Amino acid sequence: MAVQRKRKSKMSRKAKVRKLNGENKVENEEEQVTNELTDMPTVSKKRWTNKQRVLIFTSRGITYKGRHLVKDLRNLMPHTKTDVKMDRKSDLLMVNEIAEIKNCNKCVFLVGKKKRDVYMWVSNVPHGPSALFHMEYLNMMDELKFTGNCLTSSRPILSFDENFDTTPHMQLLKELFIQVFGTPNYHPKSQPFVDHVFNFSQRDGKIWFRNYQIVEENGDLVEIGPRFTMTLARILSGSFGGPVLYINPDYKSPNLIRHLQGKKGSTKYVDKQAAITRRRMEKTDKTFATDETDLLFTTSAETKT
Amino acid sequence: MLDTTNVQDVIFELKMSDMESDISDEEFHVPRLNEDASDGDSDKELQVAYASGLLKPGLVRPITAPAPVINNLDGLKQKLEEIKQTNLEWIERLDVTVQPHNNKENNADEVEDGDTDVHNDFQREITFYEQAKSAVIFAMKRLHGDGVKTKRPEDYFAEMAKKDDHMKKVREKLLALQRQRETAEKNKTNFKLRKYGKQVQHSVTIERHQKKKELLKSVKKYRKGQTKSLDFLDEPDDKQKGGKKLSQLQKLQQQKKLNPKRASKNKKYGFGGKKRGMKRNNNKSANDVSGFKKHVHSKKNTQRPGKNRRVQMRNRNK
């Protein structure tokens, strides 16, 4: 027997609040209930000039780590917007259009392939350069080993390694990271105090990202938030397209690595055959250099002994 | 098949040193004339190889396709100029580039090599921490100079990146870890105490037995008439030379004086049984000659004197 359910009246949130507050009309501003967290007035009267809007979204087929990374970045950076998952089959240049629709001038696009590899595109949308990274060692903010905490939209200090000043491609990446990951000053959703630091270091050809909470002003830090490692694959001149400016010579796609690993065992027989033929070619009948003229005067009796 | 003599002559001239392991596409590796021609085989090499008969006619696929390397420095610099925000002050960007020399000033004794081992997780994370620390110190100074408030006051409540529930979980986990450590330490100390207590108990029982024996002996002696006084019935004088009262275990340990042979046998066979794996060698122990005693292995009466000397000695004795 089907249970008859009472149809809940669909009342708007504000109407419910009004009802709770009584039958007063909402013309008085004082009696209007404000949501403390989202309706907070801007902390500073100054206007923000550095207009950076970053669109962070993923493609379909992303792993849970990729999804959490997007969530964490959106949590930490107030100047970000998100969009629905994009179909991987559509052209990469579609991302530019999506960013334009959302009125964003930067884009972080996470691509998940084979349900295990995560790639990240960081791009300056209308004309600017874009960079493709392969992401590894993703750790989410939710993990209990990260004990720090920070204000949700406070401005971070961006700390870079000295390697970011050496080569032109690293300088370009540094500039891109500052514009994408740095919260603009006086952003309406940003919080006033500086209590965390984004750390970018280059080790072993990869860029390691860490997020630390500033506990004390003398430099005591505790790790908060997401942690990942980026391996630069290539830098393109245009946004998600255009001529290639830089290809990382040390970059090997994870597919290729897996392919080579698989092939290692398969060539065992072929290698062995090749080694045998080489050995045969190298082997000589003569163990020491002999002069054939020495054998001229030997008789059959001597050769026998 | 190849004419082996020709091939042999060719091989002794050329270098077959860099033969790659995964040859799956080609049957014969094309030997290289010069090792610095790393970007593929030049025409000359191919001609030589073809003439010698090593290279068969037809399409030869390379072992690995050379990876395309593009580094358009001018293009990169141009793009950098395009996106650079030259009109913004530092306060708008808050970026700090940390030089490693700052760290070296503070820790002079911790000499780091050019690049620390990436695979040593702890060391790597420490370098990141140090870098972030230097950046924070620099930035704080500058921000305070500009008059920007950086520290959140205690009464400023705002939305945090991690919810309170989550922080509660984190705190619980830390407490649990601490508790684990404490109990482990406690267990260790308890184990040691119990072991010591057992030893003491054992020694006490032994001492009691000994005392009883002594008492009975002295009673027997008295009965037999060997000793006339009844002093043994009095309480024994516990004060030793130093005037300190030793514990029962310590007294026993003082009395015990194992001869070295007994001690070595104990070490080998006692307290835990025969030691397994005593007769095993590794490189170090096999090459270790510290146990060799010269005076044991040398011939007695060292050198036999030579013939002349022996003759002299014989003549002297005669």
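The values are calculated or read from the model by the stated rules, or taken from the named source; none is laboratory data. Worth saying up front: this structure is predicted, and the values here are computed from it rather than measured. Methodologically, a virtual Cβ is constructed for each residue, glycine included, from the backbone with ideal geometry; neighbour enumeration extends over all protein chains shown.
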| request: Being modelled with pLDDT under 85 and out of contact with any helix residue (DSSP H, G or I) (no Cβ under 8 Å at 6 or more places or on another chain) narrows it down to one of B:Ala158, B:Ala139, B:Ala132, B:Ala108, so name that one. | output: B:Ala108
| Filter result (charged (D, E, K, R), at the interface with chain B (Cβ under 10 Å from one of its Cβ atoms) and part of a loop (DSSP other than H, G, I, E, B)) within the range A:186-231 | A:Asp204, A:Glu216, A:Glu217, A:Asp220
| request: Kindly indicate whether any position in the range B:201-218 is in contact (Cβ under 8 Å) with a residue 12 or more places away in the chain and hydroxyl-bearing (Ser, Thr, Tyr). | output: yes
| said: Whether any residue in the range A:242-251 is closer than 17 Å to A:Leu73 by Cβ, over 21 Å from the mean Cα position of the chain (by Cα) and either more than 8 Å from chain B (Cβ to nearest Cβ) or assigned to a strand (DSSP E or B) (or both) is what I want to check. | reply: no
| field | Criterion (over 20 Å from B:Phe157 (Cα atoms) and either β-branched (Val, Ile, Thr) or modelled with pLDDT of 95 or more (or both)) met by exactly one of A:Thr152, A:Thr147, A:Thr231 | value | A:Thr231
| Are there any pairs, at least 6 apart or on different chains, whose C-beta atoms fall under 7 Å, with the first in the range B:154-172 and more than 19 Å from A:Leu144 (Cα to Cα) and the second surrounded by 11 or more Cβ atoms within 10 Å (Cβ to Cβ), and if so, which? | B:Ala158/A:Leu151; B:Ala158/A:Gln191; B:Glu159/A:Thr152
| message | Just to be sure before I move on: is B:Gln210 out of contact with any Asp or Glu (no Cβ under 6 Å at 6 or more places or on another chain), on the phi < 0 side of the Ramachandran plot and outside any helix (DSSP H, G or I) in the structure I sent? | response | no
| Of all residues in the range A:154-185 being assigned to a helix (DSSP H, G or I) and of a type in the set (S, T, N, Q), which is surrounded by the most Cβ atoms within 10 Å (Cβ to Cβ)? | A:Gln179
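Let's see how each residue does on (1) surrounded by fewer than 17 Cβ atoms within 10 Å (Cβ to Cβ); (2) in contact (Cβ under 8 Å) with a residue 24 or more places away in the chain; (3) facing chain B (nearest Cβ under 9 Å):
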site: A:Arg234; (1), (2), (3): no, yes, yes
site: A:Asn255; (1), (2), (3): yes, yes, no
site: A:Lys264; (1), (2), (3): yes, no, yes
site: A:Thr284; (1), (2), (3): yes, no, yes
| Criterion: without any contact (Cβ under 8 Å) to a residue 40 or more places away in the chain, of a type in the set (A, V, I, L, M, F, W, C) and out of contact with any Asp or Glu (no Cβ under 6 Å at 6 or more places or on another chain) - qualifying residue of A:Phe181, A:Phe209, A:Phe193 | A:Phe209
| remark: Just one listed residue, out of A:Lys189, A:Lys174, is closer than 25 Å to A:Asn139 by Cβ and of a type outside the set (A, V, I, L, M), and it is A:Lys174
| query | Given the structure, is A:Cys150 within 21 Å of A:Val244 (Cβ to Cβ) and crowded, with 17+ Cβ neighbours inside 10 Å? | reply | no
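Condition check ((1) farther than 30 Å from A:Asn211 by Cβ; (2) modelled with pLDDT under 80; (3) more than 14 Å from every other protein chain (Cβ to nearest Cβ)) across all residues:
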position: B:Ala176; (1), (2), (3): no, no, no
position: B:Leu215; (1), (2), (3): yes, no, yes
position: B:Glu235; (1), (2), (3): yes, yes, yes
position: B:Lys261; (1), (2), (3): yes, no, yes
| Any residue at all in the range B:71-91 that is of a type in the set (Gly, Ala, Ser) and at pLDDT below 80? | no
| said: On the basis of being over 24 Å from A:His187 (Cα atoms), within 14 Å of chain B (Cβ to nearest Cβ), more than 19 Å from the chain's Cα centre (by Cα) and in contact (Cβ under 8 Å) with a residue 24 or more places away in the chain, does A:Thr147 make the cut? | reply: yes
| query | Do we find a residue being out of contact with any His (no Cβ under 6 Å at 6 or more places or on another chain) and free of Cβ contacts under 8 Å to residues at least 12 places away in the same chain anywhere in the range A:127-138? | reply | no
| request: Would you check which residues across the range A:122-143 are farther than 27 Å from B:Ile137 by Cα and hydrophobic (A, V, I, L, M, F, W, C) and list them? | output: A:Val122, A:Val125, A:Ala131, A:Leu132, A:Phe133, A:Met135, A:Leu138
